[in-house]
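Here's the structure, in structure tokens; my notes come after.
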Amino acid sequence: MEIMDQIKKGTTTVGLICDDGVVLASEKRATMGSFIASKAARKIYQVDDRLGITTAGIVGDAQALIRLMSVEAKLYKIRRAEPMTVRAMATLLSNVMSSQRFYPYIVQLLIGGIDESGAHIFSIDPFGGNTEEKEIASTGSGSPIAYGVLEDRYSKEMSLEDGIALAIQALHSAMKRDSASGGDMEVIVITEEKYEELSEERIKMIRDSLT
């Protein structure tokens, strides 16, 4: 219970599957207890051409795992001459987390991406639990609030543009009520053609339209 309490401190990340891609989003506040340690903390990382990971929990643990997964993805591509699937990445990461259960990585992760079988999102817990999320997912201290928005407005057929707006709205609502979530946002869109990080200007324009 003490470990899970630590994980839930200070983050809101969301992921959702749209008609033609995946949207990953997070706010950028990092906290140390009640102290706001950073207003520009990165919480979404690209680990392959069409694959990203959101992080919640201890920053050092998350960054160590991201470095490891990035190397594994590159080695896989060199050896197999094809990219690792989203499911394979989730399985590998799950195995790494499970092998460290006595000294666990204090993180909760979302893996989102596109491969030959379509769009996928997987949720990974600190002990290696691996769950495929068919529609929406959220992690961190603001996730209960974000889920309220996502559950109410999500549709499987929604376009990427609508998915982006919904992800930003979910974060916006969480940041209003969760003191450990705040600051700017980062939003990633993954399609068959590209991995794209939205500009601050575009995020601000969508965010302003919600107020």
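Every number here is computed from the coordinates shown, using simple stated rules; none is lab data. If you're wondering where the values come from, they're calculated on a predicted model, not measured in any experiment. A quick note on method: Cβ atoms are made from the backbone with ideal geometry, for glycine too, and the neighbour counts reach across all protein chains shown.
For region 2-209, what relative contact order do you get, as a whole percent, if you take Cα pairs closer than 8 Å and at least 6 residues apart?
On the way: 483 pairs, mean separation 64.2, N = 208.
It comes to 31 percent, rounded to a whole number.
When only DSSP loop residues count, what GluC sites (Glu not before Pro) in region 99-182 have their Cβ near at most 13 other Cβ atoms within 10 Å?
Working: sites: 116, 132, 133, 135, 151, 157, 161; in loops: 116, 135, 157.
Those that pass, being in a loop and sparsely packed, are 116, 157.
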**Q.** trypsin sites (Lys or Arg not before Pro) restricted to DSSP loop in region 121-179 with at most 12 other C-beta within 10 Å
**A.** 134, 156
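Tell me whether region 2-209 comes out rounded, prolate or oblate; compute the Cα gyration tensor, take square roots of the eigenvalues as a ≥ b ≥ c, and use a/c under 1.5 as the rounded threshold.
Oblate is the answer for region 2-209, as a/c is 1.5 or above yet b/c matches or exceeds a/b.
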Q) For region 99-155, what class follows from the C-alpha gyration tensor (a ≥ b ≥ c being the square roots of its eigenvalues): rounded when a/c is under 1.5, otherwise prolate if a/b is larger than b/c, else oblate? A) oblate
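Arrange 35, 122 by Cβ neighbour counts within 10 Å, fewest through most, would you?
Details: 35 7, 122 23.
Fewest to most other Cβ atoms nearby, the residues stand as 35, 122.
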**Q.** Prolate/oblate/rounded label for region 107-211 (Cα gyration tensor, a/c 1.5)
**A.** oblate
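Starting from 0.36 nm per residue, how many nanometres of slack lie between residue 49 and residue 71 once their C-alpha separation is accounted for?
On the way: separation 22, 0.36 × 22 = 7.92 nm, distance 1.28 nm.
Full extension of this stretch gives 6.6 nm more.
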Q.
Quick query: amide H of residue 119 versus all other amide H atoms, modeled in the peptide plane; which residues come in under 5 Å with a sequence gap of 5 or more or a different chain?
A. none
